[in-house]
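The values are calculated or read from the model by the stated rules, or taken from the named source; none is laboratory data. Values in this document were obtained by computation on a predicted structure and should not be read as measured data. Cβ: placed from backbone, ideal geometry, glycine included. Neighbour counts: every protein chain shown. Quick note on the areas: whole protein, heavy atoms, side chains included, nothing else; ligands and nucleic acids left out. Shrake-Rupley method; radii C 1.70, N 1.55, O 1.52, S 1.80 Å.
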Amino acid sequence: MLGRLWQVQLLDGDRYTRAASADHVRHVVVPAVRGRIVDDRGRPLVRNRTAMTVSVDRNVLAGRPDGGREVLGRLAALLGVSRSEIGDRIRLCGERPVTPCWAGSPYQPIPVAEAVDERLALQVVERSAEFPGVIAELRPVRDYPHGDLAAHLLGYLAPDGRSPGGTAPVGRDGLEAAYEAELRGTPGSRRIVVDSGGRVLRTLHEQPAVPGATLVTSIDTGIQRAAERALKRAAAGARARGLAADSGAAVVLEARTGRVVALAGLPGYDPSVWVGGIDPGDYARLTREDRGSPLLSRAIQGQWAPGSTWKVVSTAAAVGAGYPLRGAYDCPGSYRVGDRDFRNYRGADHGRIDLHRALAVSCDTIFYRFADELWRDDPRDHSMQRMARAFGFGRETGVDLPGEAAGWVPGGPWARPGDAANFAIGQGDVLVTPLQMARAYAALANGGTLFSPRVGKRIVGADGRVLREVTPPVVGRLPVGRTTLAYIRRALAEVPKSGTASAAFAGFPLDKRPIAGKTGTAEVFGRQDTSWFASFDDRYAVVVVVSQGGNGGDTAAPAAREIWSAIHRLERR
């Protein structure tokens, strides 16, 4: 025993001393301040503000006779939550974690409540004897200076044990998720020495965190606000006329670049509900279908039949199949397909007209005829489906936002001629998203280029250096000749002047600010009609859709006109 004691204390003493010290050195992750999200002029859409955060030091509580249960009970009563909820927040994640739990270092205070009312936080500070191990301090939290503006675009943050150190909230939707790597910054680290009881004795080394970069977007705050306002007014007006008008979307793109200028969804929500941890009741409200599922971004995830906005696809397909671009065609009140009569809207008979007029007045029967004749010539003819996919429908646009829907373009031969006829006017088995429609109409405007839209414009470091430019990639070209594209553009320019959107654009200075567009009214089984208006000029594409909003010229077109007025800084009459 004396020999072993001599060996441990004298011969190997230094080695055991170093080992003992190493066992008591712990690494703590220091979260970085998250980067801002700004609009195209540098105005903040999301920023940080300091708010009171209440944290609990587990090691101090562990040294209490009751393990800190009495302190947690008092704290729970002060904050208005249950003691078990706080206990769950400070529970350490093991090898098989149960959520919620703390995935960070056990040697640093664990946040249990963020954005706490200052009066409550001050009670923790002033009554420190009653709250040993409880800390109230100012920490950065997300702030939304424009309230609920662009909520679906921006997204939200939520805790994630997979983040560096498991402590910082991460982007779970919208731009916060898409640009998480750039916004979160680089966490710092701190090496501390603790005693056998886990109490921190001193700091050996500290590496400061690097703040996250700023995301500059192509969003125009004024146009975004106008789009959201126009969408809400359109839905309210439709409801006043007895329609359900339960959801909708509006999209504004730069036609020549593919950049997103505005993207609005209805219903919306206030993203600040996520700050400090969302209440279960609020989360249920945001996800319940009977409340409209406000968390769903209708602009990229909503899918509807496109109605007559689809006729630009059918026109291009028919011309590609050999129908004369400048030919004359009968537009009777109804056209018989198989054993069924397919009718024009309200049975209108426009006589013999050209495709220019067919698009302006939205004649259905001409397009029924095209589809029926192509089907009878060859039931396996896929020319209209191929053209639809060439316009970018039936697949994701690749926008820099998570959760995008692909829509649906049916493949294979039509089982019945009626299926082909419905498809030709945007009914039946076809679904599109508003963003897909905006991209397709932007391609009409710019001469045929399909972009993968981008909301992000550039990434700027904390020191002001541009770290990366974000450019919308070109992903395709419309297989449509320049002559046909120009013809379609001229035809759609008549829609706001003398066609189906003329009432909505009455008084708009179309001679100075020419706009082309197409209304759409899509029938939905068991529901009211979906209202569409897709439009463009030489710079922008604007699309509005209102689910159960009725006629496209009555609901969606006036909303689009309001957005165009904001784009051109025109006074609203």
Item to check | Cα-centred dipole magnitude for segment 28-67, charges only on beta-carbon of K, R (+1) and D, E (-1), debye, nearest 20 | outcome: 220 debye
Item to check | Net dipole in debye of segment 372-444 [+1 Lys, Arg Cβ; -1 Asp, Glu Cβ; about Cα centre; nearest 20] | outcome: 80 debye
Checklist entry - What list of ³J(HN,Hα) couplings, whole Hz, do you get for segment 311-328 from phi and the Karplus terms 6.51, -1.76, 1.60, once you set θ to phi - 60° and write x for glycine and proline? => result 5, 5, 5, 5, 4, 4, 5, 5, 5, x, 7, x, 6, x, 4, 9, x, 10
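Going by a ≥ b ≥ c, the root eigenvalues of the Cα gyration tensor, does segment 352-436 fall in the rounded group (a/c under 1.5), the prolate group (a/b larger than b/c) or the oblate group? Please list the in-between numbers first.
Numbers: a/c = 2.63, a/b = 1.49, b/c = 1.76.
Oblate shape, in that a/c is at least 1.5 and b/c is the bigger or equal ratio.
Go ahead and run the numbers for FRET between residue 241 and residue 158, Cβ-Cβ distance against an R0 of 45 Å, rounding to 0.05. Display every interim value, and only then the final one.
Working: r = 40 Å, r/R0 = 0.88.
FRET efficiency, residue 241 to residue 158: 0.70.
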Checklist entry - How would you order 173-183, 365-375, 556-566, 541-551 from highest to lowest mean count of nearby Cβ atoms within 10 Å? => result 541-551, 556-566, 365-375, 173-183
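Counting only protein heavy atoms and using a 1.4 Å probe, what share of the accessible area of the chain belongs to carbon plus sulfur, as a whole percent? Before the final figure, lay out the partial values.
Numbers: 12710 of 25890 Å².
Carbon plus sulfur share of accessible area: 49 percent.
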Checklist outcome for this item: With every protein chain kept in place and a 1.4 Å probe, the chain has an accessible area per residue in Å² of 45 Å²
Checklist outcome for this item: Other residues with Cβ under 11 Å from the Cβ of residue 355 give, with Lys and Arg +1 and Asp and Glu -1, a net charge of +3
Checklist entry - Given Cα pairs under 8 Å that are at least 6 residues apart, what percent is the relative contact order of the chain? => result 15 percent
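Of the listed peptides 327-335, 466-474, 223-231, 282-290, what is their order by residue-averaged count of other C-beta atoms within 10 Å, with the highest listed first? Before the final figure, lay out each step's value.
Details: 327-335: 16.6, 466-474: 13.8, 223-231: 23.2, 282-290: 12.1.
The packing order, highest mean first, is 223-231, 327-335, 466-474, 282-290.
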Item to check | Estimated dipole of the chain in Debye, rounded to 20 [Cβ of Lys and Arg +1, of Asp and Glu -1, Cα centre] | outcome: 980 debye
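Would you please classify the overall shape of the chain from the alpha carbon gyration tensor, given that a ≥ b ≥ c denote the square roots of the eigenvalues, rounded means a/c under 1.5, and beyond that prolate means a/b larger than b/c while oblate covers the rest?
Details: a/c = 2.79, a/b = 2.53, b/c = 1.10.
In terms of gyration-tensor shape, prolate.
If packing is taken as the mean number of other Cβ atoms within 10 Å per residue, what is the order of 138-149, 438-449, highest first? List each step's numbers first, then the result.
Working: 138-149: 16.8, 438-449: 23.7.
Peptide ranking by packing, descending: 438-449, 138-149.
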Checklist entry - From the square roots a ≥ b ≥ c of the eigenvalues of the alpha-carbon gyration tensor of segment 432-573, which class results: rounded (a/c under 1.5), prolate (a/b over b/c), or oblate? => result prolate
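So in the chain, what percent of DSSP beta bridges are antiparallel if you round to the nearest 5? Before the final figure, lay out the partial values.
Values: 79 of 83 bridges.
Antiparallel: roughly 95 percent of the beta bridges in the chain.
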Checklist entry - Given Cα pairs under 8 Å that are at least 6 residues apart, what percent is the relative contact order of segment 297-406? => result 30 percent
